[in-house]
Amino acid sequence: MASNILIVEDEPAIAELLAVNLRHAGHCPIVAGSAEDALRLIRDILPDVMLIDWMLPGMSGLALARELRQGARTKSIPIILLTARSEEADTIAGLDAGADDYITKPFSPKELMARIRAVLRRRAPQLTDEPVRAGNLVVDPATRRVTYHANGIEQELKLGPTEFKLLHYMMIHPERVHSRSILLDKVWGDHVFIEERTVDVHIKRLREALTPAGCAEQIETVRGAGYRFTHRQGIPAA
């Protein structure tokens, strides 16, 4: 699944090489030449992953990672530090600063993509292409299909794109209550400004789409708090 990846690198040739490889892998690279530029970009849109060079002009990559981890809005962004430093003390310093991973230059594009996939699985599983299962229900981000089994036969449910995103996000965070504002942030994006009651409309549509599989009641309303996906399942429709 395509991800927005912010490259924070002051060497234009390295930044361009990284961007080319990310595009080739199907991602959407964004480039910032300094930590300060990166912080300005993040005010408008949050990236799915950040590749941060340790040695940056002004604020270092290490200091940038620390600042991101302290911000309520940015603390969950997966971070991979890029550096020529290979000593154990440097690795520890990078991880202690809040980096999810640490890759030493030079590195191969294949290794970098593997590291990106790994941090996404840990920090942002909604951005991976791995199927998610809950009882009889299977959501496959790679094919954009939602299926269930009835009488031993696989059936497909028809969901709109927003309902698909809602279901996928809630299924990878089961039994957790999500407020409307959180769902707007995680499903629509924090840079999109729409009314919170829009979530209610799409939840209604999602329940209607799940009814043939007997899964509508798995989307629970938590009064005064939001919505929750539960593993408790009803009976599929005949």
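Quick look at the values:
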{"read-out": "C-alpha long axis of helix 109-123 to longest principal axis of the chain, angle in °", "value": "50 degrees"}
{"read-out": "Whole-Hz ³J(HN,Hα) from phi, Karplus 6.51 cos²θ - 1.76 cosθ + 1.60, for the range 32-49, glycine and proline x", "value": "10, x, 7, 5, 5, 4, 4, 5, 5, 5, 5, 5, 8, 8, 8, x, 7, 8"}
{"read-out": "Segments 18-25, 92-99 sorted - mean Cβ within 10 Å per residue, highest first", "value": "92-99, 18-25"}
{"read-out": "Calculated FRET efficiency for the pair His173/Met59, C-beta based, R₀ 30 Å, to 0.05", "value": "0.40"}
{"read-out": "Rounded to 5, percent antiparallel among DSSP beta bridges of the chain", "value": "50 percent"}
{"read-out": "C-alpha long axis of helix 61-70 to longest principal axis of the chain, angle in °", "value": "30 degrees"}
{"read-out": "Cα convex hull volume per residue for the chain (Å³)", "value": "134 Å³"}
{"read-out": "Highest-first arrangement of 36-44, 179-187, where packing means the average Cβ count within 10 Å", "value": "179-187, 36-44"}
{"read-out": "Estimated 222 nm signal from helices in the chain, with DSSP H stretches of n ≥ 4 weighted -39500 (n - 2.57), rounded to 500", "value": "-10500 deg cm²/dmol"}
{"read-out": "Residue with peak Gaussian network fluctuation, the chain [Cα springs, cutoff 10 Å], from Gly160, Gly152, Gly61", "value": "Gly152"}
{"read-out": "For the range 4-127: rounded, prolate or oblate by the Cα gyration tensor [a/c cutoff 1.5]", "value": "rounded"}
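Values in this text are rule-based calculations from the coordinates and carry no lab data. This is a predicted model, so every value here is computed, not measured. When we count neighbours, we look across all protein chains shown, and the Cβ atoms used for this are built from the backbone with ideal geometry, even at glycine.
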